[in-house]
Amino acid sequence: MAIAVCAAVAAGFSSCDDGVEIRQAYAFTVETMPVQKHIAEGETAEIRCCLLREGRYADTRYTIRYFQPDGKGSLRMDDGTVFLPNDRYPLVKEEFRLYYTSASSGQQSIDVYVEDNFGQCVQLSFQFTNEKTEKEEDDV
């Protein structure tokens, strides 16, 4: 008799579907304030960022990394962390600032990637021109 009751209870649990779905991955975007387009060698541009999530899951983790396809410069986080290209760093705040410092006199661009631990990725691209180069062209 006890075996029959246990079998009936087990069958009842395995066939119940209350329609509750636990969602872990939520889409997200990263918005920025307008960023300056011209930068002189040695000058720093501020990039104000805000991570906007469609939902919240307590175990979601975000990372940030960057790549510089054109020019030379450095990127750092508002906490002082200097990024190495293509290395991932934990992103622990939803509002943060990045600081790009130019180290070249020509066209520069950086691509910033924010990723979550579910494989979703947002790419931001920024292009800068050297003020000196443009002024020299205007004088010619």
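Every number here is computed from the coordinates shown, using simple stated rules; none is lab data. None of the values given here were measured: they were computed from a predicted structure. Neighbour counts are summed over all protein chains in view; Cβ atoms, including those assigned to glycine, are modelled from backbone coordinates with ideal geometry.
Rg and Dmax over the alpha-carbon atoms of segment 24-139 stand at 15.5, 57 Å.
Going from the fewest other Cβ atoms within 10 Å to the most, the residues ILE64, ILE47 appear in the order ILE47, ILE64.
A straight line joining the Cα centroids of segment 81-111 and segment 23-55 runs 10 Å. The GluC sites (Glu not before Pro) of segment 94-134 meeting both criteria, a DSSP state outside H, G, I, E and B (loop) and at most 13 other C-beta atoms within 10 angstrom of the site's C-beta, are GLU94. Packing, as the average of other Cβ atoms within 10 Å across residues, places the peptides 29-36, 71-78 in the order 71-78, 29-36, highest first. Amide H contacts of PHE128 (H built 1.01 Å from N, in plane; Pro and chain starts excluded): GLN108, SER109 sit under 5 Å, all sequence-distant by 5 or more or on other chains.
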